[in-house]
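One structure is given below, encoded as structure tokens.
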There are 2 protein chains.
Amino acid sequence: MPAPFDVAAVAALGGERVGWQHKALPPAFWGRTVDDIRADKPRLSALPTPLLTLSATGLEHNVATMARWCADHGVDLAPHGKTTMAPALWAAQLEAGSWAITLANPFQLAVARAFGVSRILVANEVVAPIHLRWIADELAADQDFEVLVWADSTRTVELIEAARAEYVAADARPLDVLVEVGGAGGRTGARTAEAALAVARAIADAPTLRLAGVAGYEGALAHDATEDSLDRVRAYLRDLAAVHLRLQADNLYDADVVPVVSAGGSTYFEEVAEVLGPLGARGTRVVLRSGAYITHDDGIYRATSPLGSQPRTGGDRLVPALHGWARISSQPEPGLALFDGGRRDFPFDQGYPEPQLLRPRSAGESARRVRGLTVTALNDQHGFLHFDPDGPVPVGVGDQLRFGLSHPCTAFDKWGLIPVVDDPDADDPVVVDLVRTFF
Amino acid sequence: MPAPFDVAAVAALGGERVGWQHKALPPAFWGRTVDDIRADKPRLSALPTPLLTLSATGLEHNVATMARWCADHGVDLAPHGKTTMAPALWAAQLEAGSWAITLANPFQLAVARAFGVSRILVANEVVAPIHLRWIADELAADQDFEVLVWADSTRTVELIEAARAEYVAADARPLDVLVEVGGAGGRTGARTAEAALAVARAIADAPTLRLAGVAGYEGALAHDATEDSLDRVRAYLRDLAAVHLRLQADNLYDADVVPVVSAGGSTYFEEVAEVLGPLGARGTRVVLRSGAYITHDDGIYRATSPLGSQPRTGGDRLVPALHGWARISSQPEPGLALFDGGRRDFPFDQGYPEPQLLRPRSAGESARRVRGLTVTALNDQHGFLHFDPDGPVPVGVGDQLRFGLSHPCTAFDKWGLIPVVDDPDADDPVVVDLVRTFF
């Protein structure tokens, strides 16, 4: 079996020289390679603020926990790689047994191909001829490469087939296409079983395409873990399963195809396994696409993950494995301090950073938990921190704060090189790795 | 007089090879240099979506307009470089006569130093020893380099002086520090004249520092152009001017210092020139720091700039010089279409993208203005477009849309290489340049 990624290409990331273009690294490190720095094991206190860090033990725990959970539930995992866009983290997910990497668009697919990822689920419609032809070239160039894309209308199938028909060789491998099923008020996806069946028939009839299964994204239909939301998600997943069963009954899958049925962000994977999991017993591959689990968070996913603060499934809980760090730069009014990180450093689309830990400026003082501090706004390069103006002053100019973050996707995309620390709770964590992202 | 930036370093950006890591460029361009592509003048239709583009004529117009406006109003311009983080655009601003480049933090300062920018206003408190020592090294290494930083408390001055005192040579040039004056409810900045005076005295008394002027940011106090907002801004600016006059009266400036008084984002530069401009007649340098003017926008700055859609000063109006492009990927319900760009491609913190122009998929159809389309949400990699479900269907899968954007700062930071087109209104614009950013 070929390796699921290009081991040498991922290892070669360690040879990259860091410099002034990497905001996580101070002048003392410029000109050295990632491998040099990794070997040196510098301390967090040697790095500047603002900063994003990952937790080595946290990443390892979450990757292993999710792999085990999927194995226990009889589903495959194709973790959504868009979360991190970090080939080294995709490699860890593949080494832990992931069936494929999921990506959102052709740019992300190109990054994955540069690192030899051999099976990729593009969880999206791809309709531009420029992209469809490049995918055809990749399929032709590497017989071990497998890719699956989505279609949610017959028009989409026509566009894909038209771009391929005038381009690919007569003996080219067909492109695997999943029918996307959506829910009313949701995002993409055919809205009725009849519409989905029409799409499936169009795929099955298109000379250069192959019907490969059914997919959808339940996360577009709800955003919390209330019973109402869970019921809506389950109803949608039952509709999705019904489409697949109908395609099987109508013999629309080729005999040599193991159809894929895929759903699952990082909020409803328990419900996905519950509703879709039983399909796996009948010659179907059930594929979860959760991505954010790899770092989990201290915001939206802590609140909503089945393995978060209100668990609704068995197994180890996920742990937050990414944090922001910033320094107090000003304390201009009672009850207000400003810090040196903003909208370009930390995610803000699913809630503001959560102050957690204070590393006082004074040498010899230990890091300590903080309470009563609230981030109330982020500007481009500043953060606003409010506290009780009549109480003791909890922070001072020069102190560092650690923040819990909400929404890993919009944390990763602000950092090209992210330090990994051994223990984010330590007084002065050790930097054990640097993770490169591509956005 | 030395060049205000390193011409060779900026030109060398043209030698960079593009590849799969640049999401604006399709496979046909990978392996070629920026200069190669510039020479080829490809069409926009050769590039993928999602995409951010700049307008060559728009940039040129805005840079010239703002330079002329500042000259006419007797103020200097130190454009805020954080907006673009693009050395080639900073170079254009410096060539147009800008006095300095403004930046927000030490990382941005390091990028500017890599391109030899010789005078930099850091519009922020810098308190980390690691950064203060690097700045000291830069000052020691290059006698032509000038940098100014801010302080808004005596504690901040102590921290800066402590980090420098134990590090710099006895004959080192002093670090120029501006007293930052803030307004109640604002961001950083000393809140009272007495507090600001104490900071100024601390700077003047610190052996390795030099009092260089007074600064502030009126944009933290208001967000629109109502009379109430303008009055609040003017009152704050008068307070700021009063601090400077008091420092002059108290002889706190060294005799050889031309003090700097600085304010001005991209919303209130008319009011800044009106209130602070007259100080220029008394041996003071009045410095505006507007940054977003270089691209202007179709959102917050169109609405609030003195040279926007409701102009409140003389001179040419600014024109929007950045746009987003995306492709319709799905049309799953009446009145709803999805496009292939999201939160990681387009700014969303000051309003959603505005659909402006349709480039139909069918060959031979011209680009045309669109109305009645509204972006209602962005996910990480998808956009939601709503229209009248009972009217004619205005877009189809495969069509491209051009969007006006709101807030250039959070547009630039999502793109490492940005195509510049000759005319964004053309049926198929010509790509005349690629601008590199560093975030």
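The values are calculated or read from the model by the stated rules, or taken from the named source; none is laboratory data. In this text the structure is predicted, and so the values were computed from the model without any measurement. A quick note on method: Cβ atoms are made from the backbone with ideal geometry, for glycine too, and the neighbour counts reach across all protein chains shown. For the accessible areas, the whole protein counts, side chains as well, though only heavy atoms, and no ligand, DNA or RNA atoms are used. Shrake-Rupley method; radii C 1.70, N 1.55, O 1.52, S 1.80 Å.
Would you call A:TYR167 of a type in the set (Phe, Trp, Tyr), touching a strand residue (DSSP E or B) at 6+ places or on another chain (Cβ under 9 Å) and open to solvent by 10 Å² or more (accessible area, probe 1.4 Å)?
Working: of a type in the set (Phe, Trp, Tyr): yes; touching a strand residue (DSSP E or B) at 6+ places or on another chain (Cβ under 9 Å): no; open to solvent by 10 Å² or more (accessible area, probe 1.4 Å): yes.
Judged against the criteria, A:TYR167 is not a match.
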ask   = For region B:127-175, which residues satisfy the criterion of being aromatic (Phe, Trp, Tyr) and away from chain A (no Cβ under 12 Å)?
value = B:PHE145, B:TYR167
Cross-chain or 6+ apart pairs with Cβ under 7 Å, region A:15-27 first and touching a residue at least 12 places away in the same chain (Cβ under 8 Å) and open to solvent by 50 Å² or more (accessible area, probe 1.4 Å), then among the aromatic types (Phe, Trp, Tyr) and in a loop (DSSP other than H, G, I, E, B) = A:GLN21/B:PHE438
task = Give A:THR53, A:THR65 a once-over and let me know the one that is assigned to a strand (DSSP E or B) and either surrounded by 19 or more Cβ atoms within 10 Å (Cβ to Cβ) or of a type in the set (D, E, K, R) (or both).
result = A:THR53
task = State yes or no: is A:ALA198 at pLDDT 95 or above, surrounded by fewer than 22 Cβ atoms within 10 Å (Cβ to Cβ) and part of a helix (DSSP H, G or I)?
result = yes
task = Hey, could you check region A:180-215 for residues that are within 22 Å of the chain's Cα centre (by Cα) and at negative phi and say which is farthest from the other protein chains (Cβ to nearest Cβ)?
result = A:VAL214
request  = Any chance you could count how many residues in region B:201-232 are under 28 Å from B:TYR301 (Cα atoms), touching a Phe, Trp or Tyr at 6+ places or on another chain (Cβ under 8 Å) and assigned to a strand (DSSP E or B)?
outcome  = 1
remark   = A:VAL34 vs (1) within 13 Å of chain B (Cβ to nearest Cβ); (2) under 26 Å from the mean Cα position of the chain (by Cα): all pass except (1)
key: Selection within region A:397-435 - of a type in the set (Gly, Ala, Ser) and more than 16 Å from the chain's Cα centre (by Cα)   = A:GLY398, A:GLY404, A:ALA426
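Just for region B:405-418: of the residues that are in contact with a helix residue (DSSP H, G or I) (Cβ under 8 Å, 6 or more places away or on another chain) and outside any loop (DSSP other than H, G, I, E, B), which one is nearest to B:ASP224 (Cα to Cα)?
Initial filter on region B:405-418 (in contact with a helix residue (DSSP H, G or I) (Cβ under 8 Å, 6 or more places away or on another chain)): B:405-409, B:417-418.
Those still in the list that are outside any loop (DSSP other than H, G, I, E, B) too: B:409, B:417-418.
Details: B:CYS409: 18, B:LEU417: 32, B:ILE418: 29 Å.
By that ranking, first place goes to B:CYS409.
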task = Please state which of the following conditions A:PRO48 fails to meet, knowing it meets all the rest: (1) over 23 Å from the mean Cα position of the chain (by Cα); (2) of a type outside the set (Asp, Glu); (3) more than 14 Å from every other protein chain (Cβ to nearest Cβ).
result = (3)
ask   = Could you say which residue among A:ASN105, A:ASN124 is in contact (Cβ under 8 Å) with a residue 60 or more places away in the chain, closer than 22 Å to B:LEU338 by Cα and facing chain B (nearest Cβ under 9 Å)?
value = A:ASN124
query = Going through region B:281-305 one residue at a time, which ones are open to solvent by 30 Å² or more (accessible area, probe 1.4 Å) and either of a type in the set (S, T, N, Q) or farther than 30 Å from B:VAL421 by Cβ (or both)?
reply = B:ALA281, B:ARG282, B:GLY283, B:ARG285
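Being surrounded by fewer than 24 Cβ atoms within 10 Å (Cβ to Cβ) and among the aliphatic types (A, V, I, L, M) is the requirement here; does B:VAL261 meet it?
Working: surrounded by fewer than 24 Cβ atoms within 10 Å (Cβ to Cβ): no; among the aliphatic types (A, V, I, L, M): yes.
So B:VAL261 does not fit the description; no.
Hey, can you tell me all the residues within region B:238-273 that are part of a helix (DSSP H, G or I) and touching a strand residue (DSSP E or B) at 6+ places or on another chain (Cβ under 6 Å)?
First, pick out the residues of region B:238-273 that are part of a helix (DSSP H, G or I): B:238-249, B:269-273.
Passing the criteria: B:LEU240, B:VAL243, B:HIS244, B:PHE269, B:VAL272.
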request  = Would you be able to say whether some residue in region B:92-99 is open to solvent by less than 20 Å² (accessible area, probe 1.4 Å) and within 14 Å of another protein chain (Cβ to nearest Cβ)?
outcome  = no
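Among the listed residues B:GLY396, B:GLY351, B:GLY364, identify the single one that is small (Gly, Ala, Ser) and within 25 Å of B:SER305 (Cα to Cα).
Working: B:GLY396 fails: within 25 Å of B:SER305 (Cα to Cα); B:GLY364 fails: within 25 Å of B:SER305 (Cα to Cα).
Selected residue: B:GLY351, the only one of B:GLY396, B:GLY351, B:GLY364 that is small (Gly, Ala, Ser) and within 25 Å of B:SER305 (Cα to Cα).
Among B:ASP423, B:ASP380, which is facing chain A (nearest Cβ under 10 Å), surrounded by fewer than 21 Cβ atoms within 10 Å (Cβ to Cβ) and not in a strand (DSSP E or B)?
Working: B:ASP423 fails: facing chain A (nearest Cβ under 10 Å).
None of the other options fit; the residue is B:ASP380.
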ask   = Has region A:223-234 got at least one residue that is over 26 Å from the mean Cα position of the chain (by Cα) and open to solvent by less than 10 Å² (accessible area, probe 1.4 Å)?
value = no
remark   = Per the filter on region A:181-195, residues surrounded by fewer than 16 Cβ atoms within 10 Å (Cβ to Cβ) and of a type outside the set (Val, Ile, Thr) are A:ALA184, A:GLY185, A:ALA193, A:GLU194
query = What pairs come up if the first residue lies in region B:324-348 and is without any contact (Cβ under 8 Å) to a residue 24 or more places away in the chain, the second is small (Gly, Ala, Ser), and their beta carbons are under 9 Å apart, counting only those six or more places apart or on different chains?
reply = B:PRO332/A:SER153; B:PRO332/A:GLY182; B:PRO332/A:GLY186; B:PRO332/A:GLY189; B:PRO332/A:ALA190; B:PRO332/A:ALA195
inquiry  = Could you go through region A:73-83 and let me know if any residue there is within 12 Å of chain B (Cβ to nearest Cβ), surrounded by fewer than 19 Cβ atoms within 10 Å (Cβ to Cβ) and of a type in the set (D, E, K, R).
reply    = no
Neighbours by Cβ (under 8 Å, 6+ apart or cross-chain): first from region B:361-387, over 17 Å from B:LEU51 (Cα atoms) and basic (Lys, Arg); second part of a strand (DSSP E or B) and open to solvent by less than 30 Å² (accessible area, probe 1.4 Å) = B:ARG368/B:LEU357; B:ARG368/B:LEU358; B:ARG369/B:GLN356; B:ARG369/B:LEU357; B:ARG369/B:LEU358
